[in-house]
Amino acid sequence: MTKITFIQPDGESQTVDVENGLTVMEAAKLNDVPGIEAECGGACACATCHVYVDEGWREKVGKPAEMEEDMLDFAFDVREESRLSCQIKVSDALDGLIVRVPAKQF
Amino acid sequence: MTSTTLAPAAPLTSETIETDAIVIGAGPCGLFAVFELGLLDIKAHVVDILDRPGGQCAELYPEKPIYDVPALPIVTGQELTDRLMEQIKPFNPQFHFSERIDALSRQPDGRFRLTTDAGTDFLAKVVVVAAGGGSFTPKRPPLPGIENYEGTSVFYSVRKIEQMRGKDVVIVGGGDSALDWTLNLAPVAKSLTLVHRRDDFRAAPHSVEKMRKLVEEASIRLLIGQVVALEGANGELSAVEIKTSNGNERLPCTAMLPFFGLTMKLGPVADWGLNLHENLINVDTERFESSEKGIFAIGDINWYPGKLKLILSGFHEAALMAQAAHRIVYPDKKVLFQYTTSSSSLQKKLGVK
């Protein structure tokens with residue numbers, strides 16, 4: 001099981017355990033983490049599972065692929081550290097990952 | 001339905017289209033409804049806000065494979081749409097695209113009067129709501145106060161190019177809509193700035209090329225950044241604030257066109273007095289009829305105990321709905337249950353005999 005921490009805009013943090021192979025979005029949904037809508041259910045078709053990856057994890061998590069970059073055009077307040085959480089696959093390498101939930105999903 | 005909708009609406013005109021059934025939504029369930037209704041000699045007109053059939057399948061995942069449509073191990077959203085269009089061809093459905101049913105009321109004779117946002121008027125014996133996740137509407141950027149400018153300075157579509165003549169226009173987006181409107185409005189706008197979060201565009205390459213030429217000629221400006229705030233009063237925009245990699249810039253403007261794609265909203269369905277269950281139309285599982293006799297709901301838009309939002313469910317619901325609709329459209333006829341494999345009359349209707 002891999003640990004992922006979600007930090008809300010008000011500073012509230014939640015650490016969840018998730019099986020490898022699931023996505024960070026699924027980890028959020030399975031644990032009722034607020035602020036991640038995932039309207040399209042993880043199909044990379046909506047941009048409402050937008051998260052900011054913590055500075056220390058950006059290299060390990062990597063940059064978005066082309067399709068995800070296209071979808072990020074539809075997100076709000078996109079930053080260098082933005083990723084669509086449905087496109088981040090959980091693995092041992094991401095154990096301890098910290099992501100921040102944006103104030104609003106588009 | 002509320003008593004206000006029972007009152008006679010505006011008088012019928014010679015333009016009013018009279019038909020058996022209005023299908024609201026041309027997604028997979030609306031399309032298959034045409035087939036099931038057609039087998040029972042019920043003629044349908046189909047209305048959809050998109051400019052083409054397919055609903056969510058065509059709009060959200062045309063290239064993506066669907067694995068759970070019975071008998072089709074893999075089928076893309078677009079393929080499924082194309083196959084359904086093929087399947088319903090024998091029944092010659094009439095489509096009304098880029099329109100949304102706004103008003104629905106019951107006439108004294110029991111039929112339904114429906115009017116779209118483009119003014120198209122219908123009179124039908126039954127209504128089949130196959131609205132899926134709701135009408136596809138342009139996404140509204142979550143900028144504080146943006147609603148105050150909508151329709152006066154903020155527009156999600158342009159009906160008349162002349163509308164933008166002499167204005168300082170800001171277009172936001174990186175896809176075909178943003179680029180097409182940039183090219184269309186550059187000649188009439190007083191000034192035009194295209195704002196996009198990155199210097200990479202999803203739009204068709206030749207549109208991007210033309211845009212870059214206009215930037216080179218200084219006919220328009222390309223600003224890489226994101227809109228963070230609006231400035232103005234009384235519905236009139238005076239400037240937008242753009243966050244760029246070099247800090248924030250105040251960009252004076254009098255019109256803004258944000259193109260951030262589409263999202264699904266329940267829309268006018270919410271106002272028709274139907275019993276809803278968490279924004280879904282409550283139906284029975286024998287007829288998939290709403291709380292209003294003659295108004296049916298199939299596909300993602302309905303709810304009943306055990307409901308699953310699967311395409312295959314919507315197909316089943318269409319079949320049962322058609323039987324119930326037949327009793328309303330042809331009250332004096334008995335439904336003779338027939339199989340397409342053995343009934344020569346069905347096969348004739350399908351044009352295969």
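Rounded to two decimal places and with Rh computed the Kirkwood way over Cα pairs, what is Rg over Rh for the stretch B:140-260?
0.93
Expressed as a whole number of Å, what is the distance separating the alpha-carbon centroids of the stretch B:257-280 and the stretch A:10-24?
31 Å
Using 0.36 nm times the number of residues separating B:His277 and B:Asp82, minus their current alpha carbon distance, what extension gain do you get?
Here the answer is 67.0 nm.
Dipole magnitude of the stretch B:140-260 about its Cα centre, charges +1 at Lys/Arg Cβ and -1 at Asp/Glu Cβ only, in debye to the nearest 20?
140 debye
What longest range of chain B stays clear of loop-exposed chymotrypsin sites (Phe, Trp or Tyr not before Pro) (DSSP non-H/G/I/E/B, at most 10 other C-beta within 10 angstrom)?
Formally, the longest exposed-site-free interval is B:68-336.
Provide the net charge surrounding B:Ser238, with neighbours chosen by a C-beta distance below 15 Å and charges set as Lys +1, Arg +1, Asp -1, Glu -1.
Neighbourhood net charge equals -2.
Once each part is reduced to its C-alpha centroid, what is the distance from the stretch A:72-106 to the stretch B:157-183 in angstrom?
Taking the Cα centre of the stretch B:157-183 as reference, the centre of the stretch A:72-106 is 31 Å away.
Can you give the charge dipole size of the protein assembly as shown about its Cα centre, rounded to the nearest 20 debye, using +1 on the beta carbon of Lys and Arg and -1 on the beta carbon of Asp and Glu?
In debye, rounded to 20, the protein assembly as shown gives about 1200.
Can you sort A:Glu12, B:Glu79, B:Glu36 so the residue with the fewest Cβ neighbours within 10 Å comes first?
The most exposed by this proxy come first: A:Glu12, B:Glu79, B:Glu36.
If you take each beta carbon of peptide A:67-73 and count the beta carbons of other chains within 10 angstrom, what is the mean?
For peptide A:67-73, the averaged partner shielding equals 4.
Less than 10 Å Cβ to Cβ from B:Thr76, Lys/Arg counted +1 and Asp/Glu -1: what total charge do the surrounding residues give?
With Lys, Arg at +1 and Asp, Glu at -1, the net is -2.
To the nearest µm²/s, what D does Stokes-Einstein give for chain B at 37 °C and 0.692 mPa s, using the Kirkwood radius over alpha carbon pairs as Rh?
Estimated diffusion coefficient is 146 µm²/s.
Within a 10 angstrom radius of each residue's Cβ in A:74-84, how many Cβ atoms of other chains show up on average? Whole number is fine.
3
Starting from the Cα gyration tensor of chain A, take the square roots of the eigenvalues, sort them a ≥ b ≥ c, and report rounded, prolate or oblate (rounded when a/c is under 1.5, otherwise prolate if a/b is larger than b/c, else oblate).
Rounded, since a/c falls under 1.5.
Which of the pairs B:Lys89/B:Lys348; B:Lys89/B:Lys307; B:Lys89/B:Lys139; B:Lys167/B:Lys210; A:Lys3/A:Lys29; B:Lys293/B:Lys353 have their Cα atoms more than 25 Å apart in this structure?
B:Lys89/B:Lys307; B:Lys89/B:Lys139; B:Lys293/B:Lys353
Find, to one decimal place in angstroms, the Kirkwood hydrodynamic radius of the stretch B:1-141, where the mean of 1/r is taken over every pair of different Cα atoms and then inverted.
After inverting the pairwise mean of 1/r, the radius is 15.9 Å.
What do you get for GluC sites (Glu not before Pro) in the stretch B:237-329 restricted to DSSP loop and a cutoff of at most 14 other Cβ within 10 Å of the site's Cβ?
B:Glu278, B:Glu286
Suppose every K and R has +1 on its Cβ and every D and E has -1 on its Cβ; what is the size of the dipole of the stretch A:2-96 about the Cα centre, in Debye to the nearest 20?
So the dipole magnitude of the stretch A:2-96 works out to roughly 180 debye.
None of the figures in this text is laboratory data; all of them are computed from the coordinates on show. None of these values were measured; they are calculated from a predicted model. All Cβ positions, glycine included, derive from the backbone under ideal geometry; neighbour counts span all protein chains shown.
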